[in-house]
1. With the condition kept exactly as written, say whether any residue in the range 289-299 is loosely packed, with under 14 Cβ neighbours inside 10 Å, without any contact (Cβ under 8 Å) to a residue 40 or more places away in the chain and within 25 Å of THR332 (Cβ to Cβ).
2. Select from the range 106-138 the residues that are among the charged types (D, E, K, R) and either in contact with a Pro (Cβ under 9 Å, 6 or more places away or on another chain) or at pLDDT 90 or above (or both) and list them in ascending order.
3. Pull up the range 115-125, narrow it to residues that are touching a strand residue (DSSP E or B) at 6+ places or on another chain (Cβ under 9 Å) and surrounded by fewer than 18 Cβ atoms within 10 Å (Cβ to Cβ), then point me to the one that is nearest to THR181 (Cα to Cα).
4. Output yes when any residue across the range 82-99 is assigned to a strand (DSSP E or B), at pLDDT 90 or above and farther than 29 Å from ILE236 by Cα, and no when none is.
5. Being touching a Pro at 6+ places or on another chain (Cβ under 8 Å) and buried (at least 17 other Cβ atoms within 10 Å of the Cβ) is the filter here, so list the residues in the range 206-233 that pass it.
6. Limited to the range 5-31, what total is found for residues that are more than 20 Å from the chain's Cα centre (by Cα), modelled with pLDDT under 65 and at negative phi?
7. Which one of these does ILE175 not meet: (1) surrounded by fewer than 17 Cβ atoms within 10 Å (Cβ to Cβ); (2) farther than 21 Å from GLU288 by Cβ; (3) in contact (Cβ under 8 Å) with a residue 24 or more places away in the chain?
8. Suppose we keep only residues that are polar (S, T, N, Q) and surrounded by 10 or more Cβ atoms within 10 Å (Cβ to Cβ) within the range 300-321. Which one would you say is nearest to ASP207 (Cα to Cα)?
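The values are calculated or read from the model by the stated rules, or taken from the named source; none is laboratory data. Given the structure is predicted, the values throughout are model-derived calculations rather than measurements. All Cβ positions, even for glycine, are placed from backbone atoms using ideal geometry, and neighbour counts span all protein chains on display.
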Amino acid sequence: MSSIHYFQRYSQPENVATNNTLLLLSRLYQHSPNKFKGFLNELLGDNDLEAGVSFNQQRRGNGSIPDGHLSQASFKVVVETKLHQHFSIRQLKSHLKSFDNEEHKILLSLSPRLPRPALFNQIESEIQTFNITYNTSIKYIPTTFSQIVEKFKSTLQDYDFELISLIDDYEDYCIHDRLITDDEYRMRAVTCGWTLSENFQYNLYYDKVEDGYSEHSYIGIYKNKSIRGIGKLENIIEADYINGQLQIKNSTASITSEQEQNIKDVIVAAKKNNNWDISLAHNFFCVEKFHPTDFKKQTKYPLQGTKFFNLKNELNLTTLPSTDIIAELLRTKAW
C-alpha cells in the first residue's frame, strides 16, 4: 500500500509547487505562530519581522498609558515561483505593484536554484529604481525549495512529530518533482585532450548542440586519465559565427563582452589549431575560470564521453567552498 501524502504529486505546474509551499507554511503557522515567525525571519533574513499578534502591557500611547494592547505588524510577501531559475524581469516588475501600505514589503522568488548573479543584479537594480521612483521599500529575496526545507527543519524540535512528518513529505514531493536536485553540486567531466590549453585560455568548453547536456554547475576538463581543470559555470551560450558576426541563439544568463570575445577567439583557434569548424550549431559552456587540479582516474580504461560527479559527496562536505579550493581538494582524491 502506498503512503498517504500531505502534498499533491503527479503534476509539475508552478501553481502546484506554489500551493504546496503555501500549504506547508500555513500548517506551520496553525501549529505554532512562534515557529512560523522564526522560520520567516530566518528565510527572509529579517529578525525584526513580527508574524502574529503582539501582546503588550502599559505602553504609552498618544497622551495616555493604557493597561495593555494587542497589535499586529503589517507585512506582505509576494511569491513568484518558477520550475527553473530564469525569472522574467518584466513579470517580476509587474509584481511590485502588488504592494500597498504594508510596513514590510518582500518580493520572494522561489525556484529549484537561485538566479544567476547577472540576473540577480538586474532584478535588484529594477527594484531599487522602483523604490526610488515610488518612495517605497520593497526587498527582494530569492530562495529555493531546498532552502525552504532546510530553514523549516531548523525551527523544529525532536518532539515536533507532526511537523517533522509534514516537512519530510514536502521534501519528498520536491525531490519527486525535481524541485530539489543535486545539480548545484554536479561536476560534468568532459574529454579535452587536444583542446585543453584552449579551454584554460578562453575559460570555456564547447560541444555540438545536438549532443545536448544534463543540468550541472561545474565542468571538469579531462586529459590523460585525470581531470586537469575545474570551472564553475557562468553561462551556456548557443551561438553561430557568420561573416565575422556572433549571432546569439540562446543563453542561460546575460552575456558579457568577455564571454562574447572568448567565443569568437576560440572559434578561430579551433580552426587554426585543429582544423575544426565550430562556427555553427555549438554550445559554449563559459566558466568563471578554469582552476588547475589533478583528480586522477584509477581504473584501467580512460574516460569515454562524459561523467558526472557530486562534488559534495566526493569531498565529504556539507557545503562547497570556492572553486579554487575545490580544485586543491580534488588533488587529494581519486576515482
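1. Taking every residue of the range 289-299 in turn, at least one turns out to be loosely packed, with under 14 Cβ neighbours inside 10 Å, without any contact (Cβ under 8 Å) to a residue 40 or more places away in the chain and within 25 Å of THR332 (Cβ to Cβ).
2. Answer for the range 106-138, where residues must be among the charged types (D, E, K, R) and either in contact with a Pro (Cβ under 9 Å, 6 or more places away or on another chain) or at pLDDT 90 or above (or both): GLU124, GLU126.
3. So the residue we want is ARG116.
4. no
5. Those that are touching a Pro at 6+ places or on another chain (Cβ under 8 Å) and buried (at least 17 other Cβ atoms within 10 Å of the Cβ): ARG228, GLY229.
6. Qualifying residue count, the range 5-31: 3.
7. (3)
8. Keep residues of the range 300-321 that are polar (S, T, N, Q), which gives 304, 306, 310, 313, 316, 318-319.
Imposing the further condition that a residue be surrounded by 10 or more Cβ atoms within 10 Å (Cβ to Cβ) reduces the set to 306, 310, 313.
On the way: THR306: 12, ASN310: 22, ASN313: 27 Å.
Looking at residues that are polar (S, T, N, Q) and surrounded by 10 or more Cβ atoms within 10 Å (Cβ to Cβ), I get THR306.
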